[in-house]
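In what follows, a structure is listed as structure tokens, so that the remarks can point back to it.
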Amino acid sequence: QDDVRQKVHLNTFGFFKDGFMRVNVSNLSLKPPADRDNMVGFSLDRTRNDGFSTYLDEEVDYCILRKTPEPDVSVVILLLETENNVVKVRFSSEAASLLPKILFVSEGNGTALNTKLLKTSELSNDSGKNPPNTNENADGKGRKSKRSTTSSQSMIEQEHPVHYDGGTFSFQFFFNISSDKQEGLYSLYFHKCVGKKGLPNDKLLFSLDIDITEKNPESYLSAGEIPLPKLYISMALFFFLSGTVWIHILRKRR
């Protein structure tokens, strides 16, 4: 609520194949409303290990939303254009096979989205082949939305409409890990970028509600945390047996 930070770390989660993440953004607003110089959006960064991506390790005043994704970097930019009520998704064409396909779903398809995600996460080879219907506007009125995709040698850009009501934006998106190449550690960030000639950073406030659901095929734990329950149970049994043996020895030596 009325936050002034330029970069907010929202979530980090390790995915195996057939895992998924669902993000529901609601009540996203800016005070004062954003213009062409001021930008807001999200970035989804993927690494193969627990290290941090150098692509996001820039100086504090640097705006990742203004940068074109580099060919060898696995990062997706989701830029909210407040003037056109759309989200532009940008990523490198060379890294497309290493990144999951991000799909936007209208509010009217919220129930269908949940069902489709759960079914897709249980399948191995069908994930991503039959995505949910995205031909409805985000306002749920059943009108067809325009989705444009432009590709070049370096970047792919997709455009998705969002719901706008009374100065706030709302939209939902999700992705499935459909291949072994897409496995890795994913970090989701929110960015607010202030123009050089616009308001100072502490004068541009943003508010949003966000709900994030992530799941691996057989667990809600991140990939690196999945072995932990078995480890804890094994250690508990070990200490229990050790305590039993120790008590037995003490009783024999009375």
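The values are calculated or read from the model by the stated rules, or taken from the named source; none is laboratory data. All values derive from a computational prediction rather than experimental measurement. Methodologically, a virtual Cβ is constructed for each residue, glycine included, from the backbone with ideal geometry; neighbour enumeration extends over all protein chains shown.
Report, ordered by the first and then the second residue, all pairs with beta carbons closer than 6 Å, sequence separation of six or more or different chains, a first member in the stretch 62-89 that is within 21 Å of VAL8 (Cβ to Cβ) and in the same structural domain as PHE42 (by TED's automatic domain parsing), and a second member that is of a type in the set (A, V, I, L, M) and part of a helix (DSSP H, G or I).
The qualifying pairs are SER74/LEU98; LEU79/LEU65.
Of all residues in the stretch 186-211, how many are surrounded by fewer than 18 Cβ atoms within 10 Å (Cβ to Cβ) and among the β-branched types (Val, Ile, Thr)?
So the first thing to find is which residues in the stretch 186-211 are surrounded by fewer than 18 Cβ atoms within 10 Å (Cβ to Cβ), and the list is 195-203, 205, 207, 209-211.
Still in the list and also among the β-branched types (Val, Ile, Thr): 210.
Qualifying residue count for the region: 1.
Given (1) in contact with a Lys or Arg (Cβ under 7 Å, 6 or more places away or on another chain); (2) assigned to a helix (DSSP H, G or I), identify the lone condition not met by LYS230.
Going through the list (1) in contact with a Lys or Arg (Cβ under 7 Å, 6 or more places away or on another chain); (2) assigned to a helix (DSSP H, G or I), LYS230 breaks only (1).
For the stretch 215-225, does any single residue satisfy the condition of being under 16 Å from ILE102 (Cβ atoms) and assigned by TED's automatic domain parsing to the domain that holds VAL89?
Step one: list which residues in the stretch 215-225 are under 16 Å from ILE102 (Cβ atoms), which gives none.
Looking through the stretch 215-225, none of the residues is under 16 Å from ILE102 (Cβ atoms) and assigned by TED's automatic domain parsing to the domain that holds VAL89.
Among what's in the stretch 212-234 and is in contact with a strand residue (DSSP E or B) (Cβ under 7 Å, 6 or more places away or on another chain) and of a type in the set (Ser, Thr, Tyr), pick the residue that is surrounded by the fewest Cβ atoms within 10 Å (Cβ to Cβ).
As a first pass, look at the stretch 212-234 and keep what is in contact with a strand residue (DSSP E or B) (Cβ under 7 Å, 6 or more places away or on another chain): 212-216, 222-224, 226.
Filter again for of a type in the set (Ser, Thr, Tyr), leaving 213, 222.
On the way: THR213: 13, SER222: 19.
This residue is THR213.
Do any strands (runs of 3 or more DSSP E) lying entirely in the stretch 138-181 carry at least 2 residues that are at pLDDT 80 or above, and which ones are they? Lay out the reasoning, then the answer.
Details: elements: 149-151, 155-161, 163-165, 168-176.
Ranges flagged: 155-161, 163-165, 168-176.
Can you tell me how many residues in the stretch 195-254 are of a type in the set (Lys, Arg), more than 24 Å from the chain's Cα centre (by Cα) and more than 30 Å from ASN38 (Cβ to Cβ)? Break it down into steps so the answer makes sense when it comes.
So in the stretch 195-254, the residues of a type in the set (Lys, Arg) come out as 196-197, 203, 215, 230, 251-254.
After this cut, where a residue has to be more than 24 Å from the chain's Cα centre (by Cα) as well, the list is 196-197, 203, 230, 251-254.
Among the residues that remain, those that are also more than 30 Å from ASN38 (Cβ to Cβ) are: 230, 251-254.
The number of residues fulfilling the criteria is 5.
Applying the selection to the stretch 182-212, what residues are in a strand (DSSP E or B) and of a type in the set (Gly, Ala, Ser)? Steps first, please.
From the stretch 182-212, those in a strand (DSSP E or B) are 184-193, 205-212; that's our starting set.
GLY184, SER187, SER207, listed by residue number.
For HIS191, indicate whether it is over 14 Å from the mean Cα position of the chain (by Cα) and either assigned by TED's automatic domain parsing to the domain that holds THR12 or modelled with pLDDT of 90 or more (or both). Walk me through it before giving the result.
Values: over 14 Å from the mean Cα position of the chain (by Cα): no; either assigned by TED's automatic domain parsing to the domain that holds THR12 or modelled with pLDDT of 90 or more (or both): yes.
Here the answer is no, as HIS191 does not meet what is asked.
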